[in-house]
Amino acid sequence: MVVEVEYARAWDSRARAPWCPISVAEARERDAAGSPYVVVYRTAGREAPLEVRLVSWRDHYVGLWVYDAQGRRSYDLDMRLLDDPARLLRRRTIGWTYAGPETAEFDDRCPRIIVELFPDGRGRRTEEPGGRGGGAHVTVPRVRDGERWMDRPAFGE
């Protein structure tokens, strides 16, 4: 599978399209300056992107949205730069399991799993098998330090 990469100043989540596309050179400049930009990964023959990365080093933030074939976000990862500018905390993940292709994005009945991690080693894993409002099971996630943190990637990685 060939994956195409494009850059933009922002992402229009409703249209599932980049807003104000920019060149690789401008994206590299924005990365170095800490200014926000997005990276969009696509494959030929698929209308929805594979994933979108939202980068804003000045806000200490990287977000990752994974899209399914119907164009719904099926995975959301929020990463943060905290005390060490060389590593990111995988702060929060949400994964949705859609019942079928007709299920709307973020449908309240859609089962989801939310994992919240804190830098001190604490965390919370919430399973909502019946969706939002359908009951929840909360536990402590079993996450090694190497899964909690990741090295800050260089531009293009």
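The values are calculated or read from the model by the stated rules, or taken from the named source; none is laboratory data. All values derive from a computational prediction rather than experimental measurement. As a convention, Cβ positions derive from the backbone with ideal geometry for all residues, glycine included, and neighbour counts pool all protein chains shown. We work out accessible area using only protein heavy atoms, side chains counted, and drop any ligands, DNA or RNA first. Shrake-Rupley method; radii C 1.70, N 1.55, O 1.52, S 1.80 Å.
General observations
- 1.4 Å probe accessible area per residue over the chain, in Å²: 59 Å²
- Low-density loop cleavage sites - GluC sites (Glu not before Pro) in the range 1-91, where at most 13 other Cβ are within 10 Å (DSSP): 47
- Only helices enter this figure: runs of n ≥ 4 DSSP H residues, each worth -39500 (n - 2.57), summed and divided by the residues of the chain, yield -2000 deg cm²/dmol at 222 nm to the nearest 500.
- 5 angstrom amide H check on residue 22, placed H, neighbours 5+ away: 7, 8, 9
- The length gained on full extension between residue 19 and residue 116, counted as 0.36 nm times the residue separation minus their Cα-Cα distance, comes to 32.0 nm.
- Charges were assigned to the Cβ only: +1 to each Lys and Arg, -1 to each Asp and Glu. The resulting dipole of the chain about its Cα centre is roughly 300 debye.
- Value of Rg to Rh for the range 75-157, rounded to two decimals, is 1.06; Kirkwood radius and Rg both from alpha-carbon coordinates.
- Largest first and in whole Å, the equivalent-ellipsoid semi-axes of the chain read 27, 23, 11, each the square root of five times a Cα gyration tensor eigenvalue.
- Here the range 1-151 exposes an accessible surface that is 50 percent carbon and sulfur, computed with a 1.4 Å probe and the other protein chains kept in place.
- Think of each Lys and Arg Cβ as +1 and each Asp and Glu Cβ as -1; about the Cα centre, that makes the dipole of the range 11-50 roughly 180 debye.
- Of 122, 16, 92, the one that fluctuates the most in a GNM where the chain has Cα springs shorter than 10 Å: 122
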